[in-house]
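*Asks:* Questions regarding the structure given below will be posed in turn.
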Amino acid sequence: MGVKMTQDELKKMVGLAALPFIKPGMKIGLGTGSTVKHLVDGLGKRMREEGLQVTCVTTSSITTRQANELGIPLVGLDDVDHLDLTIDGADQVDENFNGIKGGGGSMLWEKIVNTASDQNIWIVDESKLTERIGSFGVPVEIVPYGASHVFRRLEQKGLKPTWRLAKDSDQLYRTDENNVIIDVHPGPIDDVNALDQELINMVGVVEHGLFIQRINDIIIGREQGPETIHV
Ligand code: 5RP
């Protein structure tokens, strides 16, 4: 009997499996997270070894830092009129390929980049798949001004909000836009569209981590190998 692969090995499997989707000359959006980190490492290698040339935009300062370290040239999203392809991770994905993103706190830029992109691919290990999303908290990005009022409104709606704190700190986490994040914990969601509308229509909310019908393909990391599904 073979040794079971670790979650990080599955993440690496899908990160590398996404590389062939990247073709010379493309304008590429690079997502954020530990799965995407493997993709970006692989992209850096292809650029060095094969002389592959692409134009990249990132979805977070974290991915920007990694791309800079690898010598991957970056442009701003406003420097391109569209992106050909964006590859990103996700925290949970349901049967209809709706997902929760923002475990890493970057869902605002991720959703903007996703919207600017002709094709979107998610790379996830199989542990992210679930019948109904929502057992993983849904991150809600809030402007800092009056944030405690938004927190109370979320509480009143029964969404069990918690403040996101910076790592190893009792200070509030700050996004790349210097906003704060409240994670809500609805449990398995019956109606993702209703929650999407409820959250986005709250004054003070900038964006949230529900990504509904936003991908074209998904690559799932399974023990037996990567599975690509066209959505
Ligand atoms: C960051 C994200 C990530 O894509 C998501 O959290 C998945 O991360 P990981 O690949 O580390 O499991 O949405 O905002």
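Every number in this text was worked out from the coordinates using simple rules, so none of it is lab data. As the structure is a computational prediction, the values presented were derived from the model and not from experiment. Every residue, glycine as well, gets a Cβ built from its backbone with ideal geometry; the counts of neighbours run over all protein chains shown.
*Asks:* Work out the length of the dipole vector of the chain about its Cα centre, built from +1 on the beta-carbon of each Lys and Arg and -1 on the beta-carbon of each Asp and Glu, and round it to the nearest 20 debye.
*Replies:* The calculation lands at about 380 debye.
*Asks:* Can you give the longest run of the chain that contains no GluC sites (Glu not before Pro) sitting in a DSSP loop with at most 13 other Cβ atoms inside 10 Å?
*Replies:* My reading of the result: 1-94 is the longest stretch.
*Asks:* Bin all alpha-carbon pair distances of the chain at 5 Å intervals from 0 and give each bin's fraction as a whole percent.
*Replies:* 1, 7, 14, 18, 19, 16, 12, 7, 3, 1, 0, 0
*Asks:* Give me, ordered by chain and number, the residues 5 or more places off THR32 or on other chains with an amide H under 5 Å from its own placed amide H.
*Replies:* GLY89
*Asks:* Hey, in the GNM for the chain with a 10 angstrom Cα cutoff, which one of SER117, SER169, SER135 fluctuates hardest?
*Replies:* Among SER117, SER169, SER135, the largest GNM mean-square fluctuation belongs to SER169.
*Asks:* Suppose each label sits 7 Å from its Cα in the direction of the beta carbon; what would the ASP118-HIS185 distance come out to in nanometres?
*Replies:* Between ASP118 and HIS185, the simple spin-label model gives 4.4 nm.
*Asks:* Okay, next question. Roughly speaking, what is the centre-to-centre gap between region 89-110 and region 2-51 when only Cα atoms are used, to the nearest Å?
*Replies:* Cα centres, region 89-110 to region 2-51: 18 Å.
*Asks:* What spacing in nm lies between the two simple spin-label points modelled at GLU9 and LYS160, each 7 Å away from Cα in the Cβ direction?
*Replies:* For the pair GLU9/LYS160, the computed spacing is 3.3 nm.
*Asks:* A further question follows. Based solely on C-alpha atoms, express the radius of gyration and the Dmax of region 138-209 in angstrom.
*Replies:* 11.8, 34
*Asks:* For region 75-208, just list the percent of Cα-Cα distances falling in each 5 Å bin from zero outward, please.
*Replies:* 2, 10, 19, 21, 20, 16, 9, 3, 0
*Asks:* Let me ask something else about it. Using the Cα centre of region 138-209 as origin and beta-carbon charges of +1 (Lys, Arg) and -1 (Asp, Glu), tell me which of PHE151, ILE200, GLY187 is placed farthest towards the positive end of the dipole.
*Replies:* Looking along the dipole axis, the top candidate is PHE151.
*Asks:* Skipping prolines and chain starts, which residues have an amide H placed within reach, meaning under 5 Å, of the one on VAL206, given they are 5 or more residues away or on another chain?
*Replies:* Under 5 Å from the amide H of VAL206 lie the amide H atoms of GLU141, ILE142, VAL143, each far enough along the sequence or on another chain.
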